[in-house]
Amino acid sequence: MAVSMILTFRYRLLPTKQQHRALEAILESQRQLYNAALEERIDAYRKANVTRTYFDQAKALTEWRHDDPEASALPVNVQRATLKRLDEAYKGFFRRVKSGGKPGFPRFRGKGWFDSFGFGEFQGISIEAAKLRFKGMPGALRVHLHRQMPADAVIRTCVFRRDVKGWMVGLAAALPTRSLREGNRAVGVDLGITTFAALSDGAVIPSLKAARLAERRLRIAQRALARKKRGSKSRGKARIEVRRCHAATARRRANHLHQASARLVRDYEMIAIEALQVKGLARSSLAKDVHDASWAKFISFLRYKAAKAGIRLVEVDPRNTSQDCSGCGAKVPKELGDRQHECPHCGLTVDRDLNAARNILHRAGVGPGLRNVAGCGMRAGGNLSEPTGTRQETVESH
Ligand SMILES: [Zn+2]
């Protein structure tokens, strides 16, 4: 069995002023192309009852580029990607109509409602030494490569996106098929708050003390900032301190997530984890945001590292992992404060998180040749998401 994957690597762009203007101009030209193509489709249907397809419009694009030097000032793949995007919007619309939904028809995009363009194929563009080059872009566009792409990654598509801070580029790359690593160690992972993760073999990954300390420092700095008078010199200083604390906290937390995910990938050949439901638990807002963000990042690190190392990551249905008994499968309701799982049916008494971690492992359905580390029997009804084949994943970039 082999694992292959498409990963998206996101990087911030460092455009010059001139390049920034060029990016804005390309974005605007693609917004206009999108709207024109939409108008043409609507007209053709209203007037002649004809459905214009992507291929019709791509053919018209070729003619237009032949006649109009302005049109051919950009790589054809950028314009094709814009037409394709409209085509996808149409297809999505009809898919939802078919399935009985009430979808909105594809809309004309106003300024501010169109924030990306890209290359549907990585042709007519090159990246070398952290610099992107393509027709229509003056000079080489610098990319902040905070993390290198694997040397054997093959870039498939490329999307430029404008956000509040400037421009990002997303490079979707195929990683060649890797064979699965030898070994049969399997583990279930239950993510928590007081303990970062409980493992089905009884081990725990503690939450990061250093990050908690840094958070305390941040809160103190924020309080100090709130006390300063507007426009005062000391307020400026306090604001710098807050910003510095923010950066330090984020850095420490990311380090911790990297270390924790690396450790799991090193120690096990199969990792089962709950599929994250970001809107799941109702917790206090700040704690919730922080944990949702760091869990999402952690899972994204795990996916990436697991794919690279050739081990299996199985994301399971998260419902009732803490309520069900990992010994007999019976439902044992408990309050949030109950730290122990005590089963009245089979007598199993274990830590609540350990019980959850074992359930997560069960649900992954331990595959042939994989040893169930928790030492429990397998149960039917596991919810196994297919771990092989090509998947679209996103690697967090900051
Ligand atoms: Zn039981």
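The values are calculated or read from the model by the stated rules, or taken from the named source; none is laboratory data. A quick note: this is a predicted structure, and the numbers were derived from the prediction, not measured. With ideal geometry, Cβ positions are generated from the backbone for all residues, glycine too; neighbour counts draw on all protein chains shown. Surface accessibility is based on the protein's heavy atoms, side chains included, excluding ligands, DNA and RNA. Shrake-Rupley method; radii C 1.70, N 1.55, O 1.52, S 1.80 Å.
Spatially, the range 180-254 and the range 88-113 are offset by 40 Å when compared through their Cα centroids.
What translational diffusion coefficient, to the nearest whole µm²/s, does the range 62-220 have by Stokes-Einstein, given a Kirkwood radius computed over alpha-carbon pairs, a temperature of 25 °C and 0.890 mPa s viscosity?
Numbers: Rh = 21.0 Å.
In µm²/s, the coefficient is 117.
Working note: Debye formula, equal point scatterers on the alpha-carbon atoms of the range 1-154, no solvent; log10 I(q)/I(0) at q = 0.15 Å⁻¹ is -0.95. Each principal axis of the Cα cloud of the range 92-143 was evaluated for its coordinate range; sorted largest first, these ranges are 49, 24, 17 Å. Across all directions, the average flat footprint of the convex hull enclosing the Cα atoms of the chain is 25.8 nm².
Of all aspartates and glutamates in the structure, those lying under 19 Å Cα to Cα from LYS111, and not within fewer than 8 positions of it along the same chain, are GLU24, GLU28, GLU39, ASP163. Taking only the C-alpha atoms of the range 211-265, the Rg (one decimal) and the largest Cα-Cα distance, Dmax (whole number), read 14.7, 50 Å.
Mean residue ellipticity, 222 nm, helices only, the chain: the sum of -39500 (n - 2.57) across DSSP H runs of n ≥ 4, divided by residue count and rounded to 500, is -14000 deg cm²/dmol. Using a probe of 1.4 Å on the protein chains alone, the accessible area found for TRP64 is around 110 Å². With the highest mean first, a sort of the peptides 226-237, 348-359 on other beta-carbon atoms found within 10 angstrom per residue produces 348-359, 226-237. Working from label points 7 Å from Cα in the Cα-to-Cβ sense, the CYS328 to LYS47 distance is 7.5 nm. The order of the peptides 135-144, 317-326 by mean Cβ neighbours within 10 Å, most packed first, is 317-326, 135-144. Against the compact-protein benchmark of 2.2 N^0.38 Å, the Cα-based radius of gyration of the range 136-198 scales to 1.78.
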